[in-house]
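Engineer: Okay, handing you the structure first.
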Amino acid sequence: MPEADTELHYRTDYELLVAVILSAQCTDKRVNLVTPDLFETFPSVYDMARASEEEVFSYISSVSYPNNKAKHLVGMARLVVSEFGGKIPDTREKLMRLPGVGRKTANVMLAVYFKKPAMPVDTHVFRVSQRIGIVRKAKTPEEVETQLVRHIPTPLLPKAHHWLILLGRYVCKARKPLCNECKISVYCLYYIKGNAMRREENN
């Protein structure tokens, strides 16, 4: 999958930021169902900044933690308008000043929209990178990020993020990885160890 990309639907940096905030502990599929009406009603960061939390909530009630996310979206938009002149910032430090934006969300914006070398670590990346064996003994997302950034060539970081996510979402599933369908199983520590254990059991 040489051109792997986000599965969130967006047209602008503002729309991507909203979608990523909504996607926390929620599926991209669910987010993509609610954002068309949301963006039609609040097409710009200025429109979102003028909205009430109750108005935003009515559009996102089906996503996880809608109360918190409505508060974050309105707060994010107001800060973008008041502190950054209505322009979504393009550095991790400034992005993380926005409500609802942690390190992972900031890194997604850097990697996906601004095409900067960044490695967002979500649950898929955290699990898959350790299962494969390209990350060892990492206990936090930041430790995983540090090791991946060390091992992956800088220009490939934005794509590698999506490679790991999509592998985890569709092949290297949490409960039942589809090892027989995986194209990189011969390099995978989990698969190699499993084969070794099966050989021992058969002997």
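Engineer: Which fully enclosed helices (runs of 4 or more DSSP H) of region 9-96 have 1 or more residues being aromatic (Phe, Trp, Tyr) and modelled with pLDDT of 95 or more?
Structural biologist: Of the helices (runs of 4 or more DSSP H) lying wholly inside region 9-96, those with at least 1 residues that are aromatic (Phe, Trp, Tyr) and modelled with pLDDT of 95 or more span 13-22, 28-41, 45-50, 53-60, 66-84.
Engineer: Against the definition (under 25 Å from HIS161 (Cα atoms), buried (at least 20 other Cβ atoms within 10 Å of the Cβ) and in contact with a Leu (Cβ under 9 Å, 6 or more places away or on another chain)), how does THR35 come out, yes or no?
Structural biologist: yes
Engineer: Yes or no: region 192-201 includes at least one residue that is modelled with pLDDT of 90 or more and of a type in the set (A, V, I, L, M, F, W, C).
Structural biologist: So far as region 192-201 goes, yes, one or more of its residues are modelled with pLDDT of 90 or more and of a type in the set (A, V, I, L, M, F, W, C).
Let's see how each residue does on (1) touching a Leu at 6+ places or on another chain (Cβ under 8 Å); (2) buried (at least 20 other Cβ atoms within 10 Å of the Cβ); (3) on the phi > 0 side of the Ramachandran plot:
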| site | (1), (2), (3) |
| --- | --- |
| SER58 | no, no, no |
| SER64 | no, no, no |
| VAL74 | no, yes, no |
| PRO99 | yes, no, no |
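Engineer: At pLDDT below 95 and surrounded by fewer than 19 Cβ atoms within 10 Å (Cβ to Cβ): does that describe ILE165?
Structural biologist: no
Engineer: Looking at LEU98, LEU110, which is the one that is out of contact with any Gly (no Cβ under 8 Å at 6 or more places or on another chain) and either free of Cβ contacts under 8 Å to residues at least 24 places away in the same chain or hydrophobic (A, V, I, L, M, F, W, C) (or both)?
Structural biologist: On inspection, the qualifying residue turns out to be LEU110.
The values are calculated or read from the model by the stated rules, or taken from the named source; none is laboratory data. Note that this is a predicted model, so its numbers are computed, not measured. Every residue, glycine among them, receives a Cβ derived from its backbone with ideal geometry; neighbour counts consider all protein chains shown.
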